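The values are calculated or read from the model by the stated rules, or taken from the named source; none is laboratory data. Computed from a predicted structure; not experimentally measured. For neighbour counting, all protein chains shown are included, and Cβ atoms are generated from backbone atoms with ideal geometry for every residue, glycine included. Each accessible area value is taken on the protein alone, full model and side chains, heavy atoms only, with ligands, DNA and RNA left out. Shrake-Rupley method; radii C 1.70, N 1.55, O 1.52, S 1.80 Å.
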Amino acid sequence: MYDPDLNWQGGEVAARQQGGTDMAFRLRDNEREGIDVQYMFPTLIMLPCSTDGPLGAALCHAYNTWTHGLAKDSGGKLRPVAVLPWAYPEGMVAELERCVGELGFTAAHAMPYISTATTQRTIDNAVYEPFYAAAERLNVPLMLHPNSQGELINLYDNFYAMHVLGRPFNCTAGLIALTIGGIFERFPGLRVAFFECSAEWVLYWMHRMDDDYRKMKHGMAPKITRTPSEYVKKHCWVTCESDERDLKHAIDGFSENRILLASDYPHFDSEYPGTVRELKERADITNLQKEKIMTLNALEFLQL
């Protein structure tokens, strides 16, 4: 899909990939789309974040330094998200402190879980508590961006199936760990956004967790003291799709103050160009709700 010789969808998606490394090109596309400020993730997040040992820390260090250089002349219009060595938790706090203190980053990426050849770990594991404490102390919001891989997802023989399943399964693994695993209970200042699963995704999991909690809260849910949906509504934000059919339902059932907009530029499944326009043209939500999704909620989440 990104090979220009294949001319997939007329070659437009392949041509757009220049925005992955050419920031002047990217800024022109953002202006065309109507995006004033954009936070940037690496496409293959799992490579630096899921590499074991000091090599993982070195990869994250190198990526963060490189992407800082890409964005530094954008006048604040492009802002990298710090990636961290989740497979080497010993190096996470130092890299977060460097990214915030030296590079001026204002957000950090959270993995949904860790699975390498030598390490299988959910993100409520005690080894991550120093990192959560540092994120809380530095007032850095976490952005949990899923991927299209995982133990179950990798069993499929085509990318279509993996892509459909990978996003919600990976985000859900992170949500369960942070909520039922007691991270939000122990670190009440954390803020976490979940990306690219739609806004309606979180409704099912709030209902599912709450239903089980009613039956298990006496002795079988030792890490939390409130219903899971209370933690979600306090600590969590989600991103929506411009053309998401049940967006109004998500606004009513979750919160109009906790929904953000992700462009997913320059990927093949982005709505670009048209992400912002599609949201503005919706007739089922109010103008204030549109302003919150496009601007006000992000300012609150990022505390800018």
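Looking only at residues in segment 164-210 that are small (G, A, S) and not in a helix (DSSP H, G or I), which one is nearest to the chain's Cα centre (by Cα)? Here the residue is A193.
Regarding A221, is this residue under 20 Å from the mean Cα position of the chain (by Cα), surrounded by 13 or more Cβ atoms within 10 Å (Cβ to Cβ) and of a type in the set (G, A, S)? Taking the combined requirement at face value, the residue does not satisfy it. Quick one: is T172 among the polar types (S, T, N, Q) and surrounded by 14 or more Cβ atoms within 10 Å (Cβ to Cβ)? Against the criterion (among the polar types (S, T, N, Q) and surrounded by 14 or more Cβ atoms within 10 Å (Cβ to Cβ)), T172 qualifies. Considering segment 72-89, and only residues there that are open to solvent by 40 Å² or more (accessible area, probe 1.4 Å) and either touching a Ser or Thr at 6+ places or on another chain (Cβ under 6 Å) or touching a residue at least 12 places away in the same chain (Cβ under 8 Å) (or both), the residue that is farthest from L144 (Cα to Cα) turns out to be D73.
Could you say whether any residue in segment 130-141 is in contact with a strand residue (DSSP E or B) (Cβ under 9 Å, 6 or more places away or on another chain), touching a residue at least 12 places away in the same chain (Cβ under 8 Å), open to solvent by less than 10 Å² (accessible area, probe 1.4 Å) and of a type in the set (G, A, S)? For segment 130-141, residues in contact with a strand residue (DSSP E or B) (Cβ under 9 Å, 6 or more places away or on another chain), touching a residue at least 12 places away in the same chain (Cβ under 8 Å), open to solvent by less than 10 Å² (accessible area, probe 1.4 Å) and of a type in the set (G, A, S): present. Among the basic types (K, R), open to solvent by 40 Å² or more (accessible area, probe 1.4 Å) and in a helix (DSSP H, G or I): does that describe R16? Taking the combined requirement at face value, the residue does not satisfy it. A single member of G104, G69 is among the small types (G, A, S), open to solvent by 10 Å² or more (accessible area, probe 1.4 Å), assigned to a loop (DSSP other than H, G, I, E, B) and at pLDDT 95 or above, and it is G104. Only one residue in L288, L299, L260, L279 is within 21 Å of the chain's Cα centre (by Cα) and open to solvent by 60 Å² or more (accessible area, probe 1.4 Å), so which one is that? Going through L288, L299, L260, L279 in turn, the sole match is L299.
Residues that are touching a residue at least 24 places away in the same chain (Cβ under 8 Å) and within 30 Å of D22 (Cα to Cα): does segment 251-260 have at least one? Yes; the residues of segment 251-260 include at least one that is touching a residue at least 24 places away in the same chain (Cβ under 8 Å) and within 30 Å of D22 (Cα to Cα).
Counting only residues that are open to solvent by less than 10 Å² (accessible area, probe 1.4 Å) and in contact (Cβ under 8 Å) with a residue 60 or more places away in the chain, segment 176-209 holds 5 of them. Of all positions in segment 149-156, none carries a residue that is open to solvent by less than 50 Å² (accessible area, probe 1.4 Å) and within 25 Å of A298 (Cβ to Cβ).
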